[in-house]
Amino acid sequence: MKYLDLRSDTVTAPSEEMRDAMRNAIVGDDVLGDDPTVKVLEKMGAELFGKEDCLLTVSGTMSNQIAVLSLTSRGDQIIVHDMAHIYNLELAGLALISGVQPRVLKAIGGKYNLEELKENIITKQIQTSPTTLICMENTFNLNQGLVVGKDHIDEVCKIAHSHGIPVYMDGARILNAASSLNMEVDELCENIDVVSLCLSKGLGCPIGSLLAGPKEVVAKARRMRQMLGGGWRQAGVIAAAGIVGLENWKEVIAADHKKAQVLANGLADLGLKINQVQTNIINIGLEDLNITASDFCNRLLELGVKAKEIGPYNVRMICHKDIELQDLDRVLDSCKKLINVYEVKQH
Ligand SMILES: *Cc1c(COP(=O)(O)O)cnc(C)c1O
């Protein structure tokens, strides 16, 4: 049976075009600054974000940790959202790698309460450690895929910059945000100081993330990447995939969003509770049907569909390039069968 895997957009495989590009990539030793294909991708990344420079790293997690390491000193405080990847899903790297203290604020839809944000910017006094970085995430978060608009980003940046503090954007899915807003990425990120992007999600690259920002920050990030063992030699093989991914990202991501809308509507028609779908992520609530998430996912798996359990009664489905529009019928049929069996059983 061919499984339809909707657990994440990270399950996407490199296309034939991407594999050809990887096979044919001109390479050199990137640690020595000799890989021309890496240079092309990093230039593309800098232009995409409208920043001075850009660095290819191994993963979104590595970009996040390198960004914090490059923008802070040990013992500093940084402001993060309570549901952010950088705070929850990176093995306490903030504490272990950068040695910073996170000040955790509530995030509704990835937005800070601006008054609360201001109150939590701490200045350096005899008893206090200064706030030296504010982190954001867009789309927010990996189980919701909500878009944080430019207005809110700009307000956060304005507050941060008035205190001389930079803003880092975990933009693992920033292309989804830009696509949903129908906005260019550089415009969306205009006031953000440093921003990252995952190549290995919707774009279908096997590995890689881009980290963009001012020249001197990226230069420091390059050294920090080296320290963490992320200096790589003939990385042009990886960069070649990134170049192909970025060439037609708008079409690919827009198609993913369309599929998510179709799937979400179909699931809602089956009586399932669906979150507000703004990008490619669907969050299904099963509490009303009294089906546990693990039961739902296990039964769905037997029918050839993979979904991700994200809470006792919540399941995530993510649309991506390796799921075709016509595959969604099979997903919906499987959900329908599952719900019917469940309802019969309960009577
Ligand atoms: C996926 C993701 C990351 C981490 O990326 P990896 O490449 O898996 O390390 C970081 N932040 C967010 C918001 C993500 O969705």
Checklist entry - Quick check: anything in the range 134-147 assigned to a helix (DSSP H, G or I) and either farther than 30 Å from Val277 by Cα or more than 13 Å from the ligand (Cβ to nearest atom) (or both)? => result no
Checklist entry - So is Leu211 out of contact with any helix residue (DSSP H, G or I) (no Cβ under 6 Å at 6 or more places or on another chain) and crowded, with 23+ Cβ neighbours inside 10 Å or not? => result no
Next on the checklist: Pull out all pairs, ordered by first then second residue, where Cβ-Cβ is under 6 Å, the residues are six or more apart or on different chains, the first lies in the range 248-272 and is touching a residue at least 24 places away in the same chain (Cβ under 8 Å), and the second is hydroxyl-bearing (Ser, Thr, Tyr) and outside any helix (DSSP H, G or I).
Outcome noted: His257/Thr279
Checklist entry - Does the range 338-347 hold any residues that are under 30 Å from Ala255 (Cβ atoms) and either β-branched (Val, Ile, Thr) or at pLDDT 95 or above (or both), and which are they? => result Ile339
Next on the checklist: Checking Val38 against (1) out of contact with any Ser or Thr (no Cβ under 6 Å at 6 or more places or on another chain); (2) within 30 Å of Asn314 (Cα to Cα), only one condition comes out false. Which one?
Outcome noted: (2)
Next on the checklist: Can you pull out every residue in the range 79-95 that is under 15 Å from Thr132 (Cβ atoms) and touching a Pro at 6+ places or on another chain (Cβ under 6 Å)?
Outcome noted: Val80, Leu94
Checklist entry - Which residue, of Ala264, Ala307, is farther than 18 Å from Tyr3 by Cβ and in contact with a strand residue (DSSP E or B) (Cβ under 7 Å, 6 or more places away or on another chain)? => result Ala264
Item to check | From the options Thr123, Thr128, Thr132, Thr139, residue that is buried (at least 18 other Cβ atoms within 10 Å of the Cβ) and farther than 19 Å from Leu197 by Cα | outcome: Thr132
Checklist entry - Does Ala95 satisfy being free of Cβ contacts under 8 Å to residues at least 24 places away in the same chain and either of a type in the set (A, V, I, L, M, F, W, C) or within 12 Å of the ligand (Cβ to nearest atom) (or both)? => result yes
Checklist outcome for this item: Of the residues in the range 260-282, those that are crowded, with 17+ Cβ neighbours inside 10 Å and under 17 Å from Ala177 (Cβ atoms) come to Ala260, Asn275, Val277, Gln278, Thr279, Asn280, Ile281, Ile282
Checklist entry - Filter the range 38-75 for residues that are surrounded by fewer than 20 Cβ atoms within 10 Å (Cβ to Cβ) and charged (D, E, K, R); which is farthest from His163 (Cα to Cα)? => result Lys39
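Conditions (1) within 16 Å of the ligand (Cβ to nearest atom); (2) within 30 Å of Val305 (Cβ to Cβ), marked per residue:
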{"position": "Tyr3", "(1), (2)": "no, yes"}
{"position": "Pro14", "(1), (2)": "yes, yes"}
{"position": "Met18", "(1), (2)": "no, yes"}
{"position": "Val58", "(1), (2)": "yes, no"}
{"position": "Val68", "(1), (2)": "yes, no"}
{"position": "Ser73", "(1), (2)": "no, no"}
{"position": "Glu116", "(1), (2)": "no, no"}
Next on the checklist: at pLDDT 95 or above, in contact with a Ser or Thr (Cβ under 9 Å, 6 or more places away or on another chain) and on the phi > 0 side of the Ramachandran plot: is that true of Leu4 in this structure?
Outcome noted: no
Checklist entry - For the range 171-243, list the helices (runs of 4 or more DSSP H) that sit wholly inside it and hold at least 2 residues that are away from the ligand (no atom under 15 Å from the Cβ), modelled with pLDDT of 95 or more and more than 25 Å from Val147 (Cα to Cα); which are they? => result 215-227
Checklist entry - Restricted to the range 124-133, and to residues that are touching an Asp or Glu at 6+ places or on another chain (Cβ under 8 Å) and either in a helix (DSSP H, G or I) or of a type outside the set (S, T, N, Q) (or both), which residue is nearest to Leu94 (Cα to Cα)? => result Leu133
Checklist entry - Between a first residue in the range 59-85 that is in contact (Cβ under 8 Å) with a residue 60 or more places away in the chain and over 13 Å from Ala172 (Cα atoms) and a second residue that is in a strand (DSSP E or B) and within 9 Å of the ligand (Cβ to nearest atom), which pairs have beta carbons less than 6 Å apart while being 6 or more apart in sequence or on different chains? => result none
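The values are calculated or read from the model by the stated rules, or taken from the named source; none is laboratory data. This is a predicted model, so every value here is computed, not measured. Methodologically, a virtual Cβ is constructed for each residue, glycine included, from the backbone with ideal geometry; neighbour enumeration extends over all protein chains shown.
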